[in-house]
Amino acid sequence: MSESCLVCDEVNGQIRVPGGHLEEDDRVSVFHCPIVAPATEVFSGYLFVVSHRHVPGFSDLTDAEAGAVGVAIARWSRALEAAGAEHVYVVRVGHGVDHLHVHLIPRWPGTPREISWMHVDDWDGARRVDSAAAAELVTTLRTIDTR
Ligand SMILES: [Zn+2]
């Protein structure tokens, strides 16, 4: 753990995530993007798969951690697709926070073709939800057999 790391705070529960963690163990944590004030809504189904340990990138993971992160990406992509996403974008950027976090960004039906992957979450018609609705989706995702 690092001092004042946003992802560590999410992993350790100091920042509440809608519906609680979808998956967590000593290698990986998966959770819905939290709503950070002053925002009152978040893009529905925007998940993060993060290494439990505070490391900057994939090259810092042990093989066991990399395996757990990879399986979690596959599993929760399947869950989003089963929940209706027509595509799941998997993105690792790492410019803002130096704790490995992979973005799983669903493309929901009805998103116009001209909306690129980078804007599926912020166009005018993007499926935004409040904390309760995000938690409800998390509950639904938990019921989907992703193995
Ligand atoms: Zn961290």
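Identify, by number, the condition in (1) among the β-branched types (V, I, T); (2) in contact with a helix residue (DSSP H, G or I) (Cβ under 9 Å, 6 or more places away or on another chain); (3) under 27 Å from H87 (Cβ atoms) that V7 doesn't meet.
All conditions pass for V7, except number (2).
Can you say whether V49 is surrounded by 21 or more Cβ atoms within 10 Å (Cβ to Cβ), in contact (Cβ under 8 Å) with a residue 24 or more places away in the chain, farther than 25 Å from H119 by Cα and of a type in the set (A, V, I, L, M), as far as the supplied structure shows? Can you show your working first?
Numbers: surrounded by 21 or more Cβ atoms within 10 Å (Cβ to Cβ): yes; in contact (Cβ under 8 Å) with a residue 24 or more places away in the chain: yes; farther than 25 Å from H119 by Cα: no; of a type in the set (A, V, I, L, M): yes.
So V49 fails the test.
Within the range 23-30, is even one residue over 22 Å from A133 (Cα atoms) and β-branched (V, I, T)?
Narrowing the range 23-30 to residues over 22 Å from A133 (Cα atoms): 25-28.
So of that shortlist, the ones also β-branched (V, I, T) come out as 28.
Yes, there is a match, as at least one residue in the range 23-30 is over 22 Å from A133 (Cα atoms) and β-branched (V, I, T).
Filter the range 89-111 down to the residues that are out of contact with any strand residue (DSSP E or B) (no Cβ under 9 Å at 6 or more places or on another chain) and within 17 Å of V49 (Cα to Cα), then identify the one that is farthest from the ligand (Cβ to nearest atom).
Filtering the range 89-111 for residues that are out of contact with any strand residue (DSSP E or B) (no Cβ under 9 Å at 6 or more places or on another chain) and within 17 Å of V49 (Cα to Cα), the one farthest from the ligand (Cβ to nearest atom) comes out as H95.
Would you point out the residue of the range 134-143, among those that are open to solvent by 40 Å² or more (accessible area, probe 1.4 Å) and not polar (S, T, N, Q), that is farthest from A74 (Cα to Cα)?
E136
Can you tell me which residue in the range 112-121 is surrounded by the fewest Cβ atoms within 10 Å (Cβ to Cβ), limited to those that are in contact with a strand residue (DSSP E or B) (Cβ under 9 Å, 6 or more places away or on another chain) and in a loop (DSSP other than H, G, I, E, B)?
The selected residue is I115.
Pick from the range 1-35 the residues that are free of Cβ contacts under 8 Å to residues at least 12 places away in the same chain and part of a loop (DSSP other than H, G, I, E, B): which of them is farthest from the ligand (Cβ to nearest atom)?
H21
Every residue, every condition in (1) in contact with an Asp or Glu (Cβ under 6 Å, 6 or more places away or on another chain); (2) of a type in the set (D, E, K, R); (3) open to solvent by less than 70 Å² (accessible area, probe 1.4 Å), yes or no:
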residue	(1), (2), (3)
D63	no, yes, no
R75	no, yes, yes
H95	no, no, no
P106	no, no, yes
G110	no, no, yes
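Enumerate the pairs (first residue in the range 56-75 and without any contact (Cβ under 8 Å) to a residue 12 or more places away in the chain; second residue anywhere and assigned to a helix (DSSP H, G or I)) with beta-carbon separation below 9 Å, excluding pairs fewer than 6 apart on the same chain, so at least 6 apart or on different chains.
Here the result reads A66/F58, each pair linking the range 56-75 to a residue that is assigned to a helix (DSSP H, G or I).
The values are calculated or read from the model by the stated rules, or taken from the named source; none is laboratory data. Please read all numbers here as calculations on a predicted model, not as lab measurements. Note that each Cβ is placed from the backbone with ideal geometry, even for glycine, and that neighbours are counted across all protein chains shown. Just the protein is used for accessible areas: all its heavy atoms, side chains included, with ligands, DNA and RNA removed. Shrake-Rupley method; radii C 1.70, N 1.55, O 1.52, S 1.80 Å.
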